[in-house]
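Read-outs: derived from the displayed coordinates by stated rules, not from any lab. Just so you know, these numbers come straight off a predicted model, no measurement behind them. Here Cβ is always computed from backbone atoms with ideal geometry, including for glycine, and neighbour counts include all displayed protein chains.
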Amino acid sequence: MIGAWCFVDHFGPTEQTDGMVVAAHPHTGLQTVTWLFEGQIEHRDSIGSVQIIRPGQLNLMTAGKGISHSELSQAGPDRLHAVQLWVALPKESIDTAPEFEHQNDLPRFELTDGIEATVLAGKFMEHSARTKTFSPLLGVELKLSPNSGTQIQLDPNFEHGILLADGEISVNAEPVPTSGLFFVPAGAESITILAGKFGATALLLGGQPFGERILMWWNFIGRTHKDIVQARDAWNVRQQKISESRFGEFEDQIGGWIPAPELPSVTLQPR
Ligand code: MN
């Protein structure tokens, strides 16, 4: 984990025809952050949200005690390129009511010559995003023009990671592979980031060390094996067409739903 950031899925760039068709599925105990570089996706969920997301916008879904949603690529753009990030909820907020927010005017500014920053979550260089978070957290997109570079001041109370989505960068003179995550332990006061000759798009993630072990299985985050069993059972009762309120219901253009897989025959342990 990097602070409460607990999962990073970097997908694409792909042809839009191979895009994203993810039928209804549940989440607990986390927030999903969807951020697009290219493409267009429709989000629908069980608290009534229907939201198209485009590059430069942010979808934040707080699952809390339980929500279900689906994600569907939209025709139009040629390619799909995005990240979905998960944020673990601290124990005092793990059962919070589900919420959804869409941000389309996040703070965006020139960090230095040739480097544009967009703040997805938290506060960066005196620019704060309104995104709702439950623990001290930072998320910033950095767009670096060819051969640009800078030293970035960090909060030494945070640990950090730099994800390379596109192009070429080095961090502290070490090259970062595409989709790689360069980890910076807590205590660092700055990093130096340099772009290659094609420029780059990267994400800076940070947060205060989480201080709790979590149990992450399939789309659920809990603390105990029992938490996961209860969430899985509450979702899979759909097979018997029993109305189940924990994850709600909604209509979408995909149809159907994704059942949770079998649990392993061992007791799951938090880590
Ligand atoms: Mn999901």
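Things worth noting here:
- Averaging the sequence gap over all C-alpha pairs within less than 8 Å and six or more residues apart, then dividing by the number of residues, gives the chain a relative contact order of 21 percent.
- Amide H to amide H distances under 5 Å link TRP217 with GLY222, where only residues 5 or more positions off or on other chains count and H is placed in the peptide plane.
- Helix-derived mean residue ellipticity, 222 nm - over the chain, DSSP H n ≥ 4, -39500 (n - 2.57), to 500: -1500 deg cm²/dmol
- Between helix 225-236 and the chain: long-axis angle, C-alpha atoms, 0 to 90°, nearest 10: 70 degrees
- Going by neighbour counts of Cβ atoms within 10 Å, the residues SER49, SER93, SER245 line up, fewest first, as SER245, SER93, SER49.
- Model label points for THR267 and ARG54, set 7 angstrom from Cα along the Cα-to-Cβ axis, are 5.2 nm apart.
- Here the residues PHE11, PHE124, ranked from fewest to most Cβ neighbours within 10 Å of their Cβ, fall in the order PHE11, PHE124.
- Given charges at Cβ of Lys, Arg, Asp, Glu: the chain dipole, positive-most of ILE94, LEU204, ILE41: ILE94
- Theoretical gain in end-to-end length, ILE258 to PHE11 [0.36 nm per residue, Cα-Cα removed]: 86.9 nm
- Residue exposure proxy: SER73, SER170, ordered by other Cβ atoms within 10 angstrom of their Cβ from fewest to most, comes out as SER170, SER73.
- Stretchable slack from LYS197 to ASP113, in nm (0.36 nm times residue separation minus alpha-carbon distance): 28.7 nm
- Entries of LYS65/LYS143; LYS91/LYS226; LYS65/LYS132 with Cα pairs more than 27 Å apart: LYS65/LYS143
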